[in-house]
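Working notes, structure below.
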Amino acid sequence: KDVVIVHVLKRVIKMRIIKEINTYLYNKNTNTKIMHISDIHYSGLKDSSRLEKLYNIIKNYKTNYICITGDLIDSNNVVESDINSKYLIEWIKKLSKLSVILISLGNHDIFLRNRHKLIKYYNKDFWNRIRSINNVYVLDNEAYSDKNIYVYGFTLSYEYYYKYKKESVKLLLDEINKNRVNEINENKLKICMMHSPLRLSEKSVKEKFNCYDLILTGHMHNGVVPPIIDEIFDNDIGIISPGKKLFPKMARGIIIDNNILSISAGMIKFHVTVTPLIRWANIIYPIPINIINVTNKKCDTKKSYRYVKQNY
């Protein structure tokens, strides 16, 4: 019986389901295709197989841009090791041959674990090595612009995530003003990449982002809502947030309002700090690939999804 169980588990791991979410957006100035992924949570060479599988999925899509909205790494402890950082850098180099790579920073990208405590930390050497890769742009409160798009990468601070052990609306508004996030005047598709969408339902915050056509986020891990339930209850409410709040809003989905908010479900739901027994639950969740199709031909703003089986 043990042999049969192990065999079945191996088959399940080799065969992964992709949830491909397509969003269609009209913009008179732009005709382009964007892939949005988030929360890769690279935690060392033990993740190399997972990243190779992800690369093999991504390369099947022909997109102009790949946007990674934070938590590329699980913590800066990982990239303190030359072996671990070298592998991830080489992986990003491979991605950069497929399309332009735009990376914004999440809360895991800006801390170091010291036993049971978190410390504010930014590995400048590692991120500079990522920045040096051709076709890759790390947007740390910085903008990228070309003939098609304007993208601002908004880094929410360590204090925003951890100062009051909650994401404060006041702090968020202060950081928007400080970094002049909404002071743009561009006649092209305008995108904001930021890690957490948690407070974007607040009216005072929402108004600040009305100048953008598209907001790309992650962080919420789909509220760990499992497949089927995710489709039956097609809304933005999750089961639990990263801050361990029950039934959080703005946890999942594509939200169409004055602009489009894309909340990536995250490449994994449970990362390395969770007990191994719970981490096994990652295999039941499909790999989410968000594709934003922008066209200069008039169309209704809409979204759709499909499941695709892929064997490795």
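For the subset of region 115-128 comprising residues that are outside any strand (DSSP E or B) and without any contact (Cβ under 8 Å) to a residue 40 or more places away in the chain, which member is surrounded by the most Cβ atoms within 10 Å (Cβ to Cβ)? So that I can check it myself, show each step before the final result.
Just the residues of region 115-128 that are outside any strand (DSSP E or B), to begin with: 115-116, 121-128.
Checking which are without any contact (Cβ under 8 Å) to a residue 40 or more places away in the chain leaves us with 115-116, 124-125, 127-128.
Working: ARG115: 4, HIS116: 5, LYS124: 8, ASP125: 9, TRP127: 20, ASN128: 10.
Among those residues, the one meeting the criterion is TRP127.
Going through region 176-194 one residue at a time, which ones are part of a helix (DSSP H, G or I) and crowded, with 19+ Cβ neighbours inside 10 Å? Working first, answer last.
Kept after step one, since they are part of a helix (DSSP H, G or I), are these residues of region 176-194: 176-178.
Once the filter is applied, which keeps residues that are part of a helix (DSSP H, G or I) and crowded, with 19+ Cβ neighbours inside 10 Å, region 176-194 yields only ILE176.
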ask   = Looking at region 264-277, is at least one residue among the hydrophobic types (A, V, I, L, M, F, W, C) and in a strand (DSSP E or B)?
value = no
note = When every residue in region 66-90 that is farther than 16 Å from TYR137 by Cβ and assigned to a loop (DSSP other than H, G, I, E, B) is compared, the one farthest from the chain's Cα centre (by Cα) is SER81
remark   = Residue count, region 41-60, condition outside any helix (DSSP H, G or I) and farther than 21 Å from TYR305 by Cα, comes to 4
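For region 218-234, name all the residues that are assigned to a helix (DSSP H, G or I) and within 16 Å of the chain's Cα centre (by Cα). So that I can check it myself, show each step before the final result.
Residues of region 218-234 assigned to a helix (DSSP H, G or I): 221-224, 229-232.
Hits for region 218-234 are HIS221, ASN222, GLY223, VAL224.
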key: Filter result (open to solvent by 40 Å² or more (accessible area, probe 1.4 Å) and closer than 19 Å to LYS178 by Cβ) within region 131-157   = ASP140, ASN141, GLU142, ALA143
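Taking the conditions exactly as written (modelled with pLDDT of 95 or more, under 25 Å from ASN296 (Cβ atoms) and part of a loop (DSSP other than H, G, I, E, B)), does THR63 satisfy them or not? Quick ask: steps written out before the conclusion?
Numbers: modelled with pLDDT of 95 or more: yes; under 25 Å from ASN296 (Cβ atoms): yes; part of a loop (DSSP other than H, G, I, E, B): yes.
Judged against the criteria, THR63 is a match.
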note = Among (1) free of Cβ contacts under 8 Å to residues at least 60 places away in the same chain; (2) in contact with a Phe, Trp or Tyr (Cβ under 7 Å, 6 or more places away or on another chain); (3) surrounded by 13 or more Cβ atoms within 10 Å (Cβ to Cβ); (4) not hydroxyl-bearing (Ser, Thr, Tyr), PRO286 falls short only on (1)
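Could you please let me know if SER262 is touching a strand residue (DSSP E or B) at 6+ places or on another chain (Cβ under 7 Å) and not β-branched (Val, Ile, Thr)?
Here the answer is yes, as SER262 does meet what is asked.
Given the criterion over 23 Å from LYS53 (Cβ atoms), of a type in the set (Val, Ile, Thr) and assigned to a loop (DSSP other than H, G, I, E, B), identify the matching residue among ILE215, ILE255, ILE237.
Working: ILE215 fails: assigned to a loop (DSSP other than H, G, I, E, B); ILE255 fails: assigned to a loop (DSSP other than H, G, I, E, B).
Sole residue among the options that is over 23 Å from LYS53 (Cβ atoms), of a type in the set (Val, Ile, Thr) and assigned to a loop (DSSP other than H, G, I, E, B): ILE237.
To keep it simple, each residue is scored yes or no on (1) in a helix (DSSP H, G or I); (2) charged (D, E, K, R); (3) modelled with pLDDT of 95 or more; (4) under 16 Å from the mean Cα position of the chain (by Cα).
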residue	(1), (2), (3), (4)
LYS93	yes, yes, yes, no
HIS108	yes, no, yes, yes
ARG113	no, yes, no, no
ILE130	yes, no, yes, no
ASN134	no, no, yes, no
ALA143	no, no, yes, no
request  = All but one of (1) touching a residue at least 24 places away in the same chain (Cβ under 8 Å); (2) farther than 21 Å from TYR61 by Cα; (3) of a type in the set (A, V, I, L, M); (4) touching a Gly at 6+ places or on another chain (Cβ under 8 Å) hold for ILE239, so report the exception by its number.
outcome  = (1)
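The values are calculated or read from the model by the stated rules, or taken from the named source; none is laboratory data. Predicted model, so just to flag it, every value in this text is computed and none were measured. Please note: Cβ atoms are built from the backbone with ideal geometry, for glycine as well, and neighbour counts cover all protein chains shown. Surface areas here come from the heavy atoms of the whole protein model, side chains and all, with no ligands, DNA or RNA. Shrake-Rupley method; radii C 1.70, N 1.55, O 1.52, S 1.80 Å.
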